[in-house]
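Asks: Input: one structure, supplied below.
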Amino acid sequence: MLNFISAVFSHTLRNIFQTWSSQLLTVLTIILSVLIFSFFYLLYTNVLHVSRLLDNNLRLIVYLNDEPGKAMQEEYRDKILKFDTVEKIVFVSRKEAFKRFARQLKENRDVLKDMPTDFLPPSIEIYPVHSLDALTRIKRFSDYLETLPGVLKVQYGREWVARFYSFVKLLRIVVVLSGVLLILTTTFVVGHTIRLTLLSRQRELELLRLVGASNNYIRMPFFLEGALQGLVGSAGGIAALYLLFNWISLRFAVSSTSFLPQFTFFSLPVIVAIIAISTLLCGFGSFSSTRKALRL
Amino acid sequence: MNSANNESRIIVDLVKVSKTYHPDIHAVSDVSLSVNRGEILFLTGRSGAGKTTILHLLNRIESPDKGVVEVAGQDLGKLSQGKMQKLRRSIGVAYQDFKLLPDRSVAQNIAIAMEVTYTRPSTIRTRTKDILQRLGLADKYHTPTAELSRGEQQRVAIARAVAGRPQLILTDEPTGNLDHETTTLVMDLLSHCNKKGATIIIATHDESIYRQTDHRVIELRAGRIVNGNPVPDDSRRHNPATTEETDNADT
Ligand SMILES: Nc1ncnc2c1ncn2[C@@H]1O[C@H](COP(=O)(O)OP(=O)(O)OP(=O)(O)O)[C@@H](O)[C@H]1O
Ligand SMILES: [Mg+2]
């Protein structure tokens, strides 16, 4: 077993040294596509992160015609929960609304002196669950709430949410596209270079078959070669992204202070996952292209 | 001698084997030939007689159109790819075109046959040095094979064929490019391997290496056996009439 591993490794290393120029090209391609993919993915996760921060201030306010009684409140609660689980539901009575308004006015609360304490409508404040796609659900939620009886108006950051929603949606498409790009480049480019090296090594492969090398013995080095390209390429891509990220956050730190939410880089598990997946992709890409070329 | 016992001793068995190349070159026609374990067998005949083709059939480089080829008790026509690969690891081959990798050193070329059986690198080194010593190539250990003369390349091919200690060694014109002295080196190496248990089949038209032998000599002409005993002559001494080619000279 140990001999198998050492034999396979020495073969792999020899192959790599023999064709280092096309190896370099492959690795650069992988670096670039991993960089593109992880850039958009990083942007996406940060936007989601921002949206989650904003979520905390995000609530639906359902204005009602009449102050709901205890039974009515339960009915509303049931109907809301039937549509979606929510973090919190708060019923705000006319009095409570007045108090809040007064608090908001601070020194100017005198203007309310002559107003009746029940001139504001009662409302229900709904805090959606902090989920990744809370923003995408909020519109449907609002539409639903408007159909409930006794509802005057439903309010949320409509414009803003809608724009943000479409931005997130666009970003998600870009992430998926660049992911597909990543898969295509890794399998095609890696497979292509492996096929080229296979051609240049016809003699050696013929000899290996002559002396009875097993399929795995012949193919393992190619798998390892591809995997190594994937490993180096994706690690390089992530490293490049990290440099870019640092540069950008440095820029932002100078021009604006703490107003923008802090951008964060990938967590370690995500980095490991991206590198591992690229490594496997490249490994199997080259493995399967040897299958065709060797007519196994 | 009973037949069951006989079977287990047989390592190569061709039964009515024919091989035709396109369009209608009958390279091998209806050849039956058995070889015992531990034998040295000479396949002789003029150029184009079918010697190389028979060696190719024994390693399934080519497949017969008719007949059965058995090696080590296994019918090559029915062997799975994996089993064939395993069998090939126990067959050492030195073909006429050497099949050396020109950009690799002599040692690397020889190592390939042993690497596929996962021989330890230290063992590979000592065996390679020993064999090169025997073939008078000790100083070429690191030389790329492209820089060698044809005679030297030929010896490297033979070194590779025997390095993995195979049970069966197939050599095609092993002395084709060699002078008398180097020929002796090669034949000594082959008989050394034979004494250690390997069966050896030598395809050659170099009469000097089989003229004086007491091993079996088979002569082919136009793909047919025209001279020599196609079955192992366990009973050679009892039945000398069937072995016209072999004269029991001393070695
Ligand atoms: N791949 C092939 N395709 C077509 N014909 C072939 C092929 N290989 C061999 N032949 C033909 O088969 C016949 C036997 O060839 P083979 O190589 O077995 O002869 P040989 O006895 O080894 O000759 P030599 O002593 O010159 O090596 C020849 O007529 C040859 O032209
Ligand atoms: Mg020949």
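Rule-based calculations on the coordinates, nothing more; no lab input. Keep in mind that what you see is a predicted model, and the values were worked out from it rather than measured. Every residue, glycine as well, gets a Cβ built from its backbone with ideal geometry; the counts of neighbours run over all protein chains shown.
Asks: For the stretch B:95-203, place one equal point scatterer on every Cα, skip the solvent, and apply the Debye formula. What is log10 of I(q)/I(0) at q = 0.17 Å⁻¹?
Replies: -0.73
Asks: Turning to a different aspect of this structure: Which of the lysines could be linked to B:LYS86 by a straight reach, that is with a Cα gap under 27 Å, when you skip same-chain ones fewer than 8 residues away?
Replies: Reachable lysines: A:LYS292, B:LYS16, B:LYS19, B:LYS51, B:LYS66, B:LYS78, B:LYS99, B:LYS129, B:LYS195, B:LYS196.
Asks: For B:ILE40, what residues show an amide H to amide H distance below 5 Å, using hydrogens built from the backbone and excluding near sequence neighbours?
Replies: Here the answer is B:ILE200, B:ARG216, since their amide H atoms fall under 5 Å of that of B:ILE40.
Asks: Something else: Taking every pair of Cα atoms in the stretch A:1-127, average 1/r, invert it to obtain the Kirkwood radius, and report Rg/Rh to two decimals.
Replies: Checking Rg against Rh, the ratio lands at 1.48.
Asks: Check cross-link reach from A:LYS106 to the lysines: straight Cα distance under 23 Å, and skip same-chain residues fewer than eight apart.
Replies: Answer for A:LYS106, where 23 Å is the Cα cut-off: A:LYS95, listed by chain and number.
Asks: Same structure, new question: Can you pull the three principal axis extents for the Cα set of the protein assembly as shown, in Å, largest first?
Replies: Between the extreme Cα coordinates on each principal axis of the protein assembly as shown lie 139, 51, 41 Å.
Asks: Oh, and also: Under a crude label model (7 Å from the Cα following the beta-carbon direction), how far is B:ASN227 from A:ASP118 in nanometres?
Replies: Placing both labels 7 Å along Cα→Cβ, they lie 13.0 nm apart.
Asks: With label points built 7 Å along Cα→Cβ from the Cα atoms of A:ASP110 and B:GLU147, find their separation and express it in nm.
Replies: 10.5
Asks: Order these by the 10 Å Cβ neighbour count, fewest first: B:HIS192, B:HIS205.
Replies: Ranked by crowding around the Cβ, least crowded first: B:HIS192, B:HIS205.
Asks: Another one. Taking R0 as 51 Å, what's the FRET efficiency between A:GLN18 and A:LEU250 from their Cβ-Cβ distance, rounded to 0.05?
Replies: About 0.75, to the nearest 0.05.
Asks: Using Cβ contacts closer than 10 Å as the measure, can you line up A:LEU280, A:LEU112 from fewest to most?
Replies: Ordered from fewest to most neighbouring Cβ atoms within 10 Å, A:LEU280, A:LEU112 come out as A:LEU112, A:LEU280.
Asks: Once you place label points 7 Å from the Cα toward the Cβ at A:LYS169 and B:GLU207, how far apart are they in nm?
Replies: Taking the two extended label points, one gets 9.3 nm.
Asks: Can you return the lysines within cross-link range of A:LYS82? Criterion is Cα-Cα under 23 Å, with same-chain partners fewer than 8 residues away left out.
Replies: By straight Cα distance, A:LYS82 reaches A:LYS70, A:LYS139, A:LYS153.
Asks: Helix-derived [θ] at 222 nm for the protein assembly as shown: sum -39500 (n - 2.57) over DSSP H runs of at least 4, divide by residue count, nearest 500?
Replies: -18000 deg cm²/dmol
Asks: Further, regarding this structure: Given a Förster radius of 51 Å and the C-beta distance between A:HIS49 and B:LYS86 as r, what FRET efficiency does 1/(1 + (r/R0)^6) yield to the nearest 0.05?
Replies: Calculated value: 0.35.
Asks: Can you compute the FRET efficiency between A:GLU74 and A:LEU28 using 1/(1 + (r/R0)^6), with r the Cβ-Cβ distance and R0 = 56 Å? Round to the nearest 0.05.
Replies: About 0.30, to the nearest 0.05.
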